[in-house]
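Only one structure is covered here, and it is reproduced in the block below.
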Amino acid sequence: FQTFEGELKWDHNDITYKILNYSPDLDPEVIDDAFARAFKVWSDVTPLTFTRIYDGEPDINILFGSDNHGDPYPFDGKDGLLAHAYPPGEGVQGDAHFDEDENWTLGTGVVVKTRFGNADGAICSFPFVFDGETYTSCTSAGRSDGHIWCSTTPNFDKDQKFGFCPSELLYTFDGNSDGQPCVFPFIFDGESYSSCTKEGRDDGYRWCGTTANYDKDRKYGFCPNRDTAVVGGNSQGDPCVFPFTFLGKTYHQCTSDGRSDNRLWCATTSSYDNDQKWGLCGDQGYSLFLVAAHEFGHALGLEHSSVQDALMYPMYKYVKDFSLHSDDINGIQYLYGAGSGPQPTPPKPTRKPRPTTTPSTRTTTTTTSVDPDVPVDPTQNPCKVKQFDAIAEIQGQLHFFKDGVYWKLPASGPPTSSIPIRDTWPALPSNIDTAFQDPQSKKIFFFAGRRFWQYTGNTVLGPRSLDKLGFEKDVEEISGAITRNNGKVLLFNGENYWRLDVKSQTVDKGYPRSRDEDFAGVPLDAHDIFVYQDKYYFCQDSFFWRMTWRKQVEKVGYVKYDLLRCP
Amino acid sequence: TSHHKPVSVIFPSDIRSNSSDLERAQKYLIRYGYMPPGLQQTDNQNTLREVVTKMQKKLGLKETGELDGETIAAINSPRCGVPDVGK
């Protein structure tokens, strides 16, 4: 490994970062997640912590830009140079810049994260079958409102799981319109526009008005790329238009016709022959996570390594299951030292799933054998649920919530039958984030997004906004709750937690506090947090971390085997 | 077998500069800190060989001093923009 001349490093361990803008290639949530994971690569092996801030000057500013993007080192268009970063220090030092002309993905092709629908924001599954036809990209088929959608499983006809794909008709990002969709047509400089435009900008970003008249209202946002957006050519970011004509022939998908390099391309108007507007169809792209992890290495003080398998080697190489090379670990620990010790490691599976003999879905069978290749209907069998919406101890019994139903854990064995949430708590939505029962008042609270409900017996209060409890606007959901016997409950979101006074229903002063400081050793991205039999549980993926009231991790186990008691 | 003659179209902006491997290598060596700007004008083969060897060593490639296939492939690979040598 190499460090920068003078061994430049941060003089503090609590590093802050700010994301200045987003790329239209990926959903902002996917970008946030990629950066957070990239920082975690380094925080896992050092005492460093990384906190995202929204105001003030951070240590590390992150931006996407093209060509000349505000520093003396311009980017070079698609491929070649992907990103750069500056060593630790004031001002531009420590910042990381990513070339917008690249096709940013997670390394294996376009990533289409859905919104709305019934798939809880899942990624599109291409190809998928709808009405017997196979689709390899988002489609507006079956709809009359122009919104494009996809199935999030390989077979929509069977599984009926879907979400809407990124488009300017669904949302915009950045700008000043709080994510509102485009309004077409809109007026800009006296001209009428019926699609996103690059006019008025010199950075190549596509934008639109979010009211009918930009000249009057000045409201705008940037257009997310559709999954069919082209890269390069002379239409960067514009979607393919199908069908299009090329040399008199009609094309319904990307083609390599006319090219000697076999790369797939499409026209971005209905006629290449007339308009000559085109671009290359999406390729594997570059993993934003891997490139960011490398750049953050620079931002922390590491120079390029000569070890070809090291993260800090200057060339990009996609790896599926990334782990930090010892050369990188030696380098970063040379600068900052090691962390406070290894984190608990999830146990390895000790049994192989047995293939099921009844692959049919939508039955009430309680079979617990699983064939990973056969789509299942998890609403019928808790043992097939990969991740629950919420888990809570209510009236002394553990409850597991998922997609409109819940299961109660019986005295022995796994739960056998699901109960519709609406049968017990009719005011609740299908998907809740968190539930808890206050041990003193016995009131039951449910949270979904920024709304919450309070049940006392059959009486319901709500939905009410998190604002009422004193949460800031940037708290988008409550991911878990730890109840106490003193009328207080700890509510978690991301890396922070708050203490709520149940009686006054306000958040106590002095909060939020950092979860990492007070609950060390459990995953920061735990999605279900609850108390069961006086122990704290933090669930991540299919595992849980169990913590004593002294906040010591005493067990890491499987939700499926150790909590649900699935065979 | 198709009787149609394949059609090849030169797409706008697809006309790349016909720069040689040597020219691209020199740009790369300057951009990433192996060679100071202006040195390529001297066309000094021995100096270039030294610089290429330095780059090959830094990148863990076979040190031949030549712009061989592995070295050209490295030069054409996507990469980070931070120089490998110097500030």
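The values are calculated or read from the model by the stated rules, or taken from the named source; none is laboratory data. Note that the structure is predicted; figures quoted are calculated from it, not measured. Note: ideal-geometry Cβ built from the backbone for every residue, glycine included; neighbour counts use all protein chains shown.
Here are some notes:
Results for (1) assigned to a loop (DSSP other than H, G, I, E, B); (2) surrounded by 18 or more Cβ atoms within 10 Å (Cβ to Cβ); (3) more than 23 Å from the chain's Cα centre (by Cα); (4) at negative phi, shown as yes or no for each residue.
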{"residue": "A:ASN485", "(1), (2), (3), (4)": "yes, no, yes, yes"}
{"residue": "A:LEU490", "(1), (2), (3), (4)": "no, yes, yes, yes"}
{"residue": "A:TYR497", "(1), (2), (3), (4)": "no, yes, no, yes"}
{"residue": "A:LEU500", "(1), (2), (3), (4)": "no, yes, yes, yes"}
{"residue": "A:TYR511", "(1), (2), (3), (4)": "yes, no, yes, yes"}
{"residue": "A:ASP516", "(1), (2), (3), (4)": "no, no, no, yes"}
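- The listed residues are A:PHE98, A:PHE128, A:PHE75, and the only one of them that is over 30 Å from A:TYR336 (Cα atoms), within 14 Å of chain B (Cβ to nearest Cβ) and either at pLDDT 90 or above or out of contact with any strand residue (DSSP E or B) (no Cβ under 7 Å at 6 or more places or on another chain) (or both) turns out to be A:PHE75.
- Close pairs (9 angstrom Cβ cut-off, 6 or more residues apart or separate chains): touching a residue at least 60 places away in the same chain (Cβ under 8 Å) in the stretch A:552-567, surrounded by fewer than 20 Cβ atoms within 10 Å (Cβ to Cβ) and among the aromatic types (Phe, Trp, Tyr) anywhere: A:VAL556/A:PHE543; A:GLY557/A:PHE543; A:TYR558/A:PHE543; A:VAL559/A:PHE543; A:LEU563/A:TYR532; A:LEU564/A:TYR558; A:CYS566/A:TYR558; A:PRO567/A:TYR561
- Strands (runs of 3 or more DSSP E) completely within the stretch A:191-310 that count 3 or more residues being away from every other protein chain (no Cβ under 14 Å) and not hydroxyl-bearing (Ser, Thr, Tyr): A:207-209
Residue by residue, here is whether (1) within 13 Å of chain A (Cβ to nearest Cβ); (2) at positive phi holds:
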site	(1), (2)
B:ARG49	no, no
B:VAL52	no, no
B:GLN56	yes, no
B:LYS62	yes, no
B:THR71	yes, no
B:ASN76	yes, no
B:ARG79	yes, no
B:VAL82	yes, no
B:GLY86	yes, yes
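- Residue that is among the aliphatic types (A, V, I, L, M), buried (at least 19 other Cβ atoms within 10 Å of the Cβ) and closer than 25 Å to A:SER430 by Cα, where the choices are A:VAL556, A:VAL460, A:VAL522, A:VAL531: A:VAL531
- Test: residue in the stretch A:106-116 that is within 14 Å of chain B (Cβ to nearest Cβ), touching a His at 6+ places or on another chain (Cβ under 8 Å), surrounded by 18 or more Cβ atoms within 10 Å (Cβ to Cβ) and at pLDDT 90 or above: no
- The stretch A:455-469 residues that are within 20 Å of A:GLN395 (Cβ to Cβ), paired with ones that are β-branched (Val, Ile, Thr) and in a strand (DSSP E or B) (beta carbon under 7 Å, 6 or more apart): A:TYR455/A:ILE444
- Which numbered condition A:ALA267 misses (of (1) of a type in the set (A, V, I, L, M); (2) in contact with a Cys (Cβ under 8 Å, 6 or more places away or on another chain); (3) over 22 Å from A:PHE50 (Cα atoms); (4) in contact (Cβ under 8 Å) with a residue 40 or more places away in the chain): (4)
- Evaluated against (1) in contact (Cβ under 8 Å) with a residue 12 or more places away in the chain; (2) more than 15 Å from A:PHE436 (Cα to Cα); (3) of a type in the set (Gly, Ala, Ser), A:GLY510 falls short on exactly one condition, (1).
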